[in-house]
Structure formats: structure tokens, C-alpha cells
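To keep things clear, I will list the structure first and then write my remarks on it.
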Amino acid sequence: MAKRKATTYDRIIGVDLGNGFVKIRSIYRNGEEYKLTLPSGYAYLRDVGDSKNDEVLELDTYKIDGNSYVWGKDITRLKDKVKPVFGYEGRYKTESYKLMAKIVMARIVRDLEIEAKEKILLVTGVPSIETDTECETDISNAFYAENSGFHDVEVNGEEHTFRIAHIHVTAQALATVIGRYLNVDGTVFDEDYESMKVAVIDIGAGTTDLDVVHDLRRQKVYHSLSEGFKDIYEAINSEIKRHYPSHTATDYDLLTIIEKVQKEMSKMPNEPTGKKTKKEEIRYEYKPSKKNEPVDFTDVFNNSVRELASNIQQAIVQKWKDQTDLDEILLVGGSAEIFEDYLGEIVFGITIPKNNGDSNVEGYYRMGVAISESDE
């Protein structure tokens with residue numbers, strides 16, 4: 001009889017602290033799943049009143065290292081007061097990234113009611129170009145902070161002490177495949193992945209990665225394109241500034257509009273109504289305020305998507321000249337569906353996982369559960 005596994009960590013947490021969003025995966029004490037996605041950025045508490053006066057916002061207050069900050073669902077409504085955590089070389093060493101890591105962990109500890117005595121295993125990841133580099137150490141240092149994983153914070157006036165016992169940093173592409181290989185309890189779900197050769201196209205906010213995972217091992221041959229959905233946001237904002245020069249829309253605002261339109265389009269049949277289909281008649285519009293006229297950014301959005309898709313196509317053709325030995329091709333990232341038709345022209349048999357936008361963080365969590373198990 002196989003030995004029963006003993007858990008070496010009390011809490012397993014998967015965190016994807018990305019350019020645009022923070023994604024978190026874990027479970028509550030009663031075993032129910034915990035998932036959270038919020039904009040990646042924080043603000044100083046002192047700026048909330050200046051920005052929104054007495055309006056009630058869905059924000060939590062965090063006191064860290066003597067300073068007070070806010071973060072939550074409505075953080076982007078503070079507009080230019082938000083301190084975003086954008087991707088650039090050396091970002092994991094910046095004070096803003098380190099602070100965001102502390103805020104994220106404080107939120108998790110509060111939500112999951114993690115006690116000071118509990119040992120936390122945190123699993124996160126990096127894109128292809130940062131795998132097996134000092135970036136992995138930088139991320140670990142950001143979450144461990146100065147006290148070797150011990151933290152004292154306040155959330156909405158309540159004190160929380162927690163300890164990060166270990167941080168495991170993996171490749172994002174490997175995590176995506178592991179998320180399909182393992183069950184949520186860390187046991188094997190589909191053993192075929194142990195011998196499969198899987199290609200992963202991950203369209204992120206700042207980068208697009210082309211990776212291959214063979215026999216559950218990420219291959220050294222990869223390609224990282226320094227373009228992503230953020231380039232599309234920037235193009236849209238250029239169009240908005242053409243109408244309102246001093247105004248900038250947040251990535252979160254634009255994503256909300258895009259997702260709403262995409263959802264509306266998915267419900268419509270692709271039938272012509274004259275020269276256009278019903279889908280083509282739907283417009284993407286951004287309205288700065290109730291008193292201002294909306295900005296139609298449909299053409300800019302479509303052209304930007306085509307441009308990025310073309311660059312990804314070119315990279316695929318150059319890097320994956322022979323696709324006959326690929327058992328599966330996964331297209332992931334929150335914008336995967338938008339690019340499916342374009343990439344399907346040169347890649348046969350693309351699979352978009354149901355959780356494509358959360359595939360990395362789901363993989364982190366399941367990998368963590370597997371890591372936490374050891375022989376008695």
C-alpha cells in the first residue's frame with residue numbers, strides 16, 4: 001500500500017503579480033476555492049479623499065512599514081493617483097513591486113484567516129526570458145522582504161502576522177501545462193502529459209511567449225516577443241488623447257469595455273445585415289464622463305489586434321517551422337479568444353483552455369499542492 005502523504009506546509013498560495021492584474025488562487029480553511037483578480041497597482045491612503053471625497057469605494061486600507069495604502073476593486077477609479085506595477089527590466093527590485101507584494105500577501109492572509117503559526121508555500125512564475133535568471137531570486141526576495149518571510153501588517157485596522165516559509169518560482173508555460181496535468185488536490189489528472197510535447201502561446205500584457213514543454217519539462221528553445229496587450233491599450237489611449245489631450249484611460253477601464261463588447265458579440269450569429277454582419281456593427285466606445293462625448297476606438301482596436309497578431313504569426317513561423325511533432329498547442333492569456341482566428345491561420349488545432357486567463361496561477365496552485373506533499 002502506498003504511504004500516506006504528509007503536508008509540509010499549512011497553506012498553499014498561487015500568485016500571478018502581472019503587469020495589468022494580480023491573480024491569486026488558494027483555498028479557504030473549509031476547502032472551498034479562493035480566487036481573486038484585481039488591478040495591479042496601489043495608492044496612498046492620503047490621496048483617496050482628494051480623488052473621490054466622501055464617495056464610498058471598494059478599497060481596503062493597508063498599513064505597511066508605517067505608511068498607509070489602499071488597494072481593491074475600485075483602485076483604478078483613483079486614476080492618476082494609482083501607482084502601477086508595470087513590467088520593465090529590473091522591476092522586481094523596485095520598491096513599488098516589493099510593496100505590491102506585501103499588500104497582496106496582506107489581502108490573502110486577511111481573506112483566508114491565516115494564522116501567524118501557519119507555514120505558507122507561495123508559488124509564482126516568470127515569463128520565458130526571465131526563467132533561470134536572477135529575476136527568480138529577485139521575486140523571492142520581494143515576497144520574503146527583510147525579515148526572511150516574517151511580516152507584520154494591518155488591514156483595515158486589524159493586525160496580521162504571517163510567515164512565508166518557502167517561495168517556488170517556476171516558468172509560466174510549465175505552470176500552464178502542470179495545471180492540465182494535475183488535479184486540484186495535486187494528484188495526476190491526465191498522465192498523457194508525462195510524454196506529450198505541448199506548445200504554449202501566452203499573450204500577456206507586456207510580452208508574448210512561445211514555449212514548448214516536453215515530458216513535463218520546459219525546453220530551452222523559446223521565443224519571447226516584447227509585445228502584448230498593453231501595446232493595444234497604448235494605441236487606444238493615443239486615439240482617446242486625440243479627442244481629449246489631457247485624459248488617459250486605465251488598462252482596467254479599457255479591458256472592461258473590450259470584455260463587455262466581446263461578450264455581446266459572442267451571443268450574436270455571424271449573419272450579414274447588408275454589407276456588415278451584426279457583430280461588425282457593434283462599436284467599442286470609451287466615455288470619459290457623463291458630460292463628454294464617447295470616443296469610438298473600434299478601428300484602432302481592430303488594427304492594433306491585427307498588428308500584434310501579425311507579429312506573433314511571424315514569430316511562430318520562424319520558431320516553429322515544423323509543428324507535426326506537437327501533441328497540443330495551447331493559446332492562453334486573458335485575450336486568447338481575440339487572437340484565435342488570426343493564429344489559427346498558421347497553427348492547426350489550437351486549444352484554448354476554459355481558464356485561459358487564469359491558467360498560469362491555477363498551475364502555480366496545483367504545483368504547490370504537489371510540492372507540499374512528502375513521504376512521512
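The values are calculated or read from the model by the stated rules, or taken from the named source; none is laboratory data. Source: prediction; values computed, not measured. A quick note on method: Cβ atoms are made from the backbone with ideal geometry, for glycine too, and the neighbour counts reach across all protein chains shown.
Would you check which residues across segment 329-355 are of a type in the set (S, T, Y) and surrounded by 19 or more Cβ atoms within 10 Å (Cβ to Cβ) and list them? Matches in segment 329-355: S335 only. Starting from residues that are touching a helix residue (DSSP H, G or I) at 6+ places or on another chain (Cβ under 8 Å) and surrounded by 17 or more Cβ atoms within 10 Å (Cβ to Cβ), keep the ones in segment 62-74 and report whichever is nearest to V126 (Cα to Cα). Checked segment 62-74; the qualifying residue nearest to V126 (Cα to Cα) is W71. Considering the conditions (1) over 27 Å from T256 (Cα atoms); (2) out of contact with any Ser or Thr (no Cβ under 7 Å at 6 or more places or on another chain); (3) surrounded by 15 or more Cβ atoms within 10 Å (Cβ to Cβ), L99 is excluded by exactly one of them, (1).
For K279, state whether it is at pLDDT below 90, surrounded by 15 or more Cβ atoms within 10 Å (Cβ to Cβ) and either over 21 Å from G204 (Cβ atoms) or in contact with a helix residue (DSSP H, G or I) (Cβ under 8 Å, 6 or more places away or on another chain) (or both). Yes, satisfied.
Could you tell me how many of the residues in segment 256-269 are in contact (Cβ under 8 Å) with a residue 24 or more places away in the chain and either among the basic types (K, R) or closer than 16 Å to F86 by Cα (or both)? Going through segment 256-269 one residue at a time, the tally reaches 0. The number of residues in segment 75-96 being under 24 Å from L174 (Cβ atoms) and buried (at least 20 other Cβ atoms within 10 Å of the Cβ) comes to 3. With respect to the stated conditions, E58 is surrounded by fewer than 20 Cβ atoms within 10 Å (Cβ to Cβ), closer than 30 Å to I203 by Cα and at pLDDT below 95. Among the residues of segment 146-185, none is identified as buried (at least 20 other Cβ atoms within 10 Å of the Cβ), over 24 Å from G334 (Cα atoms) and among the small types (G, A, S).
For segment 191-236, taking the residues that are assigned to a helix (DSSP H, G or I) and in contact with a Ser or Thr (Cβ under 6 Å, 6 or more places away or on another chain), the one that is nearest to L343 (Cα to Cα) is identified as F229. Hey, does segment 292-304 have a residue that's surrounded by 14 or more Cβ atoms within 10 Å (Cβ to Cβ), touching a residue at least 12 places away in the same chain (Cβ under 8 Å), charged (D, E, K, R) and closer than 21 Å to P127 by Cβ? Among the residues of segment 292-304, not one is surrounded by 14 or more Cβ atoms within 10 Å (Cβ to Cβ), touching a residue at least 12 places away in the same chain (Cβ under 8 Å), charged (D, E, K, R) and closer than 21 Å to P127 by Cβ, which makes the answer no.
Conditions (1) assigned to a loop (DSSP other than H, G, I, E, B); (2) in contact (Cβ under 8 Å) with a residue 12 or more places away in the chain; (3) in the same structural domain as Y9 (by TED's automatic domain parsing); (4) under 30 Å from L225 (Cα atoms), marked per residue:
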| position | (1), (2), (3), (4) |
| --- | --- |
| Y62 | no, yes, yes, no |
| V70 | no, yes, yes, no |
| F86 | yes, yes, yes, yes |
| Y92 | no, yes, yes, yes |
| K98 | no, yes, yes, yes |
| I108 | no, yes, yes, no |
| L121 | no, yes, yes, no |
| T124 | no, yes, yes, yes |
| E136 | no, yes, yes, yes |
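Is it the case, given these coordinates, that F162 is in contact (Cβ under 8 Å) with a residue 12 or more places away in the chain, of a type outside the set (G, A, S) and over 30 Å from D231 (Cα atoms)? Here the answer is yes, as F162 does meet what is asked. Kindly indicate which of I27, I129 is under 24 Å from D358 (Cβ atoms), surrounded by fewer than 20 Cβ atoms within 10 Å (Cβ to Cβ) and modelled with pLDDT under 95. Among I27, I129, only I129 is under 24 Å from D358 (Cβ atoms), surrounded by fewer than 20 Cβ atoms within 10 Å (Cβ to Cβ) and modelled with pLDDT under 95. Take segment 327-351 and flag every residue that is part of a loop (DSSP other than H, G, I, E, B), at negative phi and modelled with pLDDT under 95. Across segment 327-351, the qualifying residues are G334, S335, E345, I346, V347, F348.
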